[in-house]
Structure formats: C-alpha cells, structure tokens
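Heads up, the thing below is written out as structure tokens.
The values are calculated or read from the model by the stated rules, or taken from the named source; none is laboratory data. This structure is a prediction, so every number in the text was calculated from the model and none was measured. Because the Cβ atoms are built from the backbone with ideal geometry, glycine has one as well, and the counts that use them run over all protein chains shown. The protein model used for the area step is the full one, side chains on, heavy atoms only, and it has no ligands, DNA or RNA in it. Shrake-Rupley method; radii C 1.70, N 1.55, O 1.52, S 1.80 Å.
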Amino acid sequence: MKRNVLIIGAGGVAQVVAHKAAQHNDRLGDLHIASRTVAKAEAIIASVHEKSAMKVPGVFAAHALDATDSAAVVALIEQTGCQIVINVGSPFVNMPVLDACIQAGVAYMDTAIHEDPAKICETPPWYGNYEWKRREACKAAGVTAILGVGFDPGVVNAYARVAEGMMDKIESIDIVDINAGSHGKWFSTNFDPEINFREFTGTVYSWQNGAWQTNKMFEVGKTWDMPVVGEQKAYLTGHDEVHSLSARYPQADVRFWMGFGDHYINVFTVLKNLGLLSEQPVKTAEGLEVVPLKVVKAVLPDPASLAPNYTGKTCIGDFVKGTKDGQPVEVLIYNVADHKDAYNEVGSQGISYTAGVPPVAAALLIADGVWDVGAMANVEDLDPAPFINLLNTIGLPTRIKDAAGDRLLEL
Ligand code: NDP
C-alpha cells in the first residue's frame with residue numbers, strides 16, 4: 001500500500017490530475033502539488049476547493065519547486081512523505097524527477113518521453129535515449145516507474161495490449177487521435193505550444209515492415225471513419241507510443257495519426273518556413289537573444305484558457321488488425337470525450353482531461369498494489385484489465401467495435 005501523492009507541474013494536465021486525485025483522496029492520502037510558479041499550483045488547489053472536490057477532509061498543499069534540480073525533488077518527497085509522484089511537468093524535467101524517485105525509493109509516473117530542450121526529434125527509439133537507461137536502477141531499487149501513462153501515450157498502449165489478447169498475431173496498430181472540438185480562437189494549440197510544435201517540426205518516425213520509416217510532417221494523410229466524430233483526415237505523425245509498442249510488437253506496423261484541419265496546417269507551415277518554430281536562439285538587431293519557438297509560445301493563448309468556451313468531442317483509439325485461428329480479425333478500441341463535460345467537472349478542456357485522468361487511475365492502482373510492480377514499465381507491459389475497468393468508472397469509458405458490434409469494453 002502506497003499513499004500520499006506529489007503532483008509535479010501546475011499546467012493544463014496537472015489541473016485535471018489534481019481534481020481527480022482529490023476525488024479519491026480517501027485512497028490516495030495527502031496531496032501535494034509543486035511547480036516552478038507556485039501561484040499556479042495554489043490556483044489549482046483553490047479550484048479544487050471551489051468545486052468541493054476533496055472526497056474526505058485532508059491535506060492539499062502547494063510548493064515551489066525547480067524540478068530540474070533532482071536534490072530539491074528528493075528533499076520535497078522526504079518533507080511531504082509522498083510515496084507516489086505524478087510528473088505532469090514539462091517533458092524537460094522527466095529525467096531529474098525520475099532520478100529523484102529512484103533515490104527516494106518512491107513510485108514515479110509521467111505522460112510523455114523526456115526531451116532535451118536543445119534537441120528536436122532524436123533517433124528512435126526515443127525511450128532508449130532517456131528513461132529506459134534507468135531500467136536497471138529501478139529494478140535494483142524496487143521502484144515502480146510507469147512511463148507515458150496519459151491517453152496517448154498511455155491508454156492507447158493498454159488498448160494495444162487488449163487487442164493482443166484477442167489475436168494470435170497482431171499485424172498492424174494504427175493509433176488515431178481526433179479532436180473534433182472547437183475553441184473559438186483564431187489559432188491555438190491544445191497543450192503547451194512549445195511541446196506541441198516540437199512534435200511536428202522533426203522527422204516523422206513510424207515502425208513499418210520491421211524497421212523505422214521516415215517521412216515529413218503532413219506528407220502522409222488518410223481519412224479515418226471514427227465513431228461519433230465521423231470521417232476525419234489525420235496525418236502520419238511521430239509519437240511516443242510508437243517507440244515502445246514497436247519493441248513489444250516488432251512484427252507489426254505501428255503508426256500514429258493525428259487529425260489536423262487545413263487552418264492549423266497553413267499556420268504551422270508559415271511559422272515553420274519563417275523559422276519561427278526554431279528551438280535555436282537568434283539575436284535581434286538590439287542584441288537581444290531569443291528562442292523563436294519560445295516567443296511564439298508567449299504570444300499564443302494559454303491552452304488552459306481555452307477550456308470555458310471549448311465545445312465538441314475528441315475520439316482517440318487503436319485500429320488493430322491481426323489474425324486469430326488463421327482468420328483475419330479487425331478491432332477498434334476507443335474513447336470519446338466531451339470538452340464541455342470536462343470543463344463542468346474539473347474546469348479543463350477535453351485534451352487535458354483525457355491526459356490527466358489516466359495517471360490518477362495508475363496512482364490508484366499503485367496505491368492498491370495492483371500495478372505496484374517494483375520496476376520500470378510502459379503501459380502495455382502491465383495488465384490492462386484493472387486500468388480499463390477503473391477508467392470506465394472515473395470518466396474515460398472505453399468502447400470496442402468489431403464484428404460483434406460496438407459496446408462498452410469491460411474486462
Ligand atoms: P503545461 O505547459 O500546461 O504545464 C507544464 C507545467 O510544468 C507548468 O506548470 C510549468 O511551470 C511546469 N514546469 C516546467 N518546467 C518546470 C520546472 N523546471 N520545475 C517545475 N515545474 C516546471 O503542460 P501540460 O499540462 O499541457 O502538459 C504536461 C505534460 O503532459 C507534458 O509532458 C505533456 O507533454 C504531457 N501531455 C501528455 C498527453 C498524453 O495524452 N500522454 C497529452 C497532453 C500533454 P510554469 O507554469 O512555471 O511554466
């Protein structure tokens with residue numbers, strides 16, 4: 001039994017994590033949230049209290065923390081007595097936070113792969129450059145570290161594992177992420193613009209025919225027929241989960257597709273061609289050194305501010321093809337989330353909601369001992385049944401569509 005949770009970061013995803021953790025503080029114990037800007041952490045706690053979201057009276061405290069300072073993270077873990085760390089800070093802080101958890105002997109989780117601010121799109125598999133280098137250290141310390149437990153990566157990895165149980169052999173996994181919502185702004189990204197753009201300015205890596213394939217962003221598009229949101233154009237995109245799923249299913253083609261409207265593509269193309277998405281510093285005529293990408297982030301809307309007016313739905317799922325008893329099998333495992341429902345429940349938009357609920361489910365499974373495996377794991381390495389069943393009851397129901405019809409997935 002592990003108790004007391006430290007949330008790192010106070011952005012869009014952290015807001016959802018905080019509300020969901022508060023709804024289950026009877027099982028999770030004391031809650032702490034630490035971020036670079038403590039006022040943001042305090043505002044999140046205030047919004048939890050506004051919604052009276054704490055299930056039982058208990059601690060919820062804010063702390064100032066530079067999470068790139070491993071020693072400071074260890075000190076805060078010791079000071080608060082937290083045994084579970086939910087890292088939803090920027091991906092630049094993953095490795096120092098993971099190292100702190102290993103040193104302190106507490107459970108760790110994140111929702112994205114570590115990134116070096118100075119490097120965009122490293123060689124695959126991306127996990128191999130960072131988190132997987134700590135596998136042995138986690139094992140030696142008996143530390144549970146669950147990597148990429150948001151929605152994608154995260155729940156979609158569990159969907160692949162569910163499909164694995166339905167087939168003798170998986171031949172392809174196509175993860176499709178569609179946001180059919182509307183935020184009403186002329187242009188905005190749905191999460192941190194810096195991280196969002198960094199995802200698309202490099203090479204698109206997919207795993208096909210037993211090897212890494214490379215493409216350019218928006219080079220390969222395909223229309224997918226998705227439940228609820230209908231036919232949607234999505235583009236082959238490099239994404240974290242391809243880098244772990246291809247290791248578990250090397251025989252299968254593993255691809256990630258993200259939906260984009262023409263407007264997003266136009267704006268992105270102009271910004272990129274002008275050099276405004278570059279992570280490399282430039283000097284202005286006045287001698288001021290700036291990183292263009294950081295300037296673009298500073299002038300775009302804060303993704304959290306989109307929440308009150310966001311309408312429409314997201315649909316994210318795995319189309320998996322394979323064979324069973326020599327016969328072809330095809331299945332779609334998916335979730336539909338509603339932006340307005342997310343706002344009404346936790347004050348956030350749907351993208352943050354789908355990313356923030358799964359780490360709280362994972363924390364509950366660690367607290368109960370079910371997922372407390374004492375080692376590093378990607379989500380597909382873990383039993384998907386308790387995770388999917390729990391998500392069904394805490395806001396992210398999974399549906400399955402196959403030859404037998406379209407229904408709630410209960411395992
Ligand atoms: P935000 O940019 O909204 O929030 C990031 C938070 O991290 C901010 O509060 C920021 O502080 C804080 N932070 C940054 N650097 C430090 C530091 N050195 N020390 C302490 N805190 C720091 O991002 P999101 O909430 O949108 O995303 C959070 C994570 O979730 C990211 O890793 C993102 O990639 C991931 N994600 C995963 C998804 C999934 O489905 N798997 C989907 C969406 C996001 P400050 O406020 O001071 O800037």
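Annotations for the structure displayed:
- Among (1) more than 15 Å from the ligand (Cβ to nearest atom); (2) within 17 Å of Met109 (Cβ to Cβ); (3) crowded, with 19+ Cβ neighbours inside 10 Å, the one test that Arg27 misses: (3)
- Residues that are farther than 21 Å from Tyr353 by Cβ and open to solvent by less than 70 Å² (accessible area, probe 1.4 Å), drawn from the range 301-325: Phe319, Val320, Gly322, Thr323
- Residue list for the range 165-210, filter: closer than 19 Å to Tyr249 by Cα, open to solvent by less than 20 Å² (accessible area, probe 1.4 Å), under 19 Å from the mean Cα position of the chain (by Cα) and touching a residue at least 60 places away in the same chain (Cβ under 8 Å): Ile173, Asp174, Ile175, Val176
- A Cβ distance below 7 Å, combined with a sequence gap of six or more or placement on separate chains, defines the contacts here; from the range 247-268, residues that are without any contact (Cβ under 8 Å) to a residue 60 or more places away in the chain and over 21 Å from Trp132 (Cα atoms) reach residues that are part of a loop (DSSP other than H, G, I, E, B) and open to solvent by 20 Å² or more (accessible area, probe 1.4 Å) in the pairs Ile265/Phe218.
- Exclusive hit being open to solvent by 30 Å² or more (accessible area, probe 1.4 Å) and assigned by TED's automatic domain parsing to the domain that holds Pro227, set Asp383, Asp372, Asp402: Asp402
- Failed criterion for Ser35 (all others in (1) among the hydroxyl-bearing types (Ser, Thr, Tyr); (2) surrounded by fewer than 24 Cβ atoms within 10 Å (Cβ to Cβ); (3) within 11 Å of the ligand (Cβ to nearest atom) hold): (2)
- Of residues in the range 105-125 being surrounded by 21 or more Cβ atoms within 10 Å (Cβ to Cβ) and small (Gly, Ala, Ser), the one farthest from the ligand (Cβ to nearest atom): Ala107
- Identity of the residue in the range 186-206, away from the ligand (no atom under 16 Å from the Cβ) and not in a strand (DSSP E or B), that ends up nearest to Leu293 (Cα to Cα): Phe187
- Considered as a group, the residues in the range 211-220 that are in a loop (DSSP other than H, G, I, E, B) and open to solvent by less than 60 Å² (accessible area, probe 1.4 Å) include one that is nearest to Ala252 (Cα to Cα), and that residue is Val220.
- Scanning the range 335-354 for residues being among the β-branched types (Val, Ile, Thr) and open to solvent by less than 10 Å² (accessible area, probe 1.4 Å) gives a total of 2.
- Of all residues making up the range 53-84, the number that are within 15 Å of Val17 (Cα to Cα) and not aliphatic (A, V, I, L, M): 2
- In the range 278-300, the qualifying residues are those that are of a type in the set (Gly, Ala, Ser) and over 22 Å from Phe191 (Cβ atoms), and the one that is most open to solvent (accessible area, probe 1.4 Å) is Ala285.
- Count of residues meeting criterion [of a type in the set (Phe, Trp, Tyr) and closer than 15 Å to Met376 by Cα] in the range 67-115: 1
- Considering the conditions (1) touching a helix residue (DSSP H, G or I) at 6+ places or on another chain (Cβ under 8 Å); (2) within 25 Å of Glu136 (Cα to Cα); (3) open to solvent by less than 10 Å² (accessible area, probe 1.4 Å), Ile366 is excluded by exactly one of them, (1).
- Counting the residues of the range 84-99 that are of a type outside the set (A, V, I, L, M), free of Cβ contacts under 8 Å to residues at least 60 places away in the same chain and within 12 Å of the ligand (Cβ to nearest atom) gives 3.
- Scanning the range 1-16 for residues that are touching a residue at least 60 places away in the same chain (Cβ under 8 Å) and within 9 Å of the ligand (Cβ to nearest atom) yields Ile8, Gly9, Gly11, Gly12, Val13, Ala14, Gln15, Val16.
- In the range 313-349, the residues that are assigned to a helix (DSSP H, G or I) and either in contact (Cβ under 8 Å) with a residue 60 or more places away in the chain or under 18 Å from the mean Cα position of the chain (by Cα) (or both): His339, Ala342, Glu345, Val346
- Qualifying position, being out of contact with any helix residue (DSSP H, G or I) (no Cβ under 8 Å at 6 or more places or on another chain) and either closer than 25 Å to Gly395 by Cα or among the aromatic types (Phe, Trp, Tyr) (or both), among His49, His32, His19: His49
- Condition check for Asp325: in contact with a Lys or Arg (Cβ under 8 Å, 6 or more places away or on another chain), modelled with pLDDT of 95 or more and charged (D, E, K, R): no
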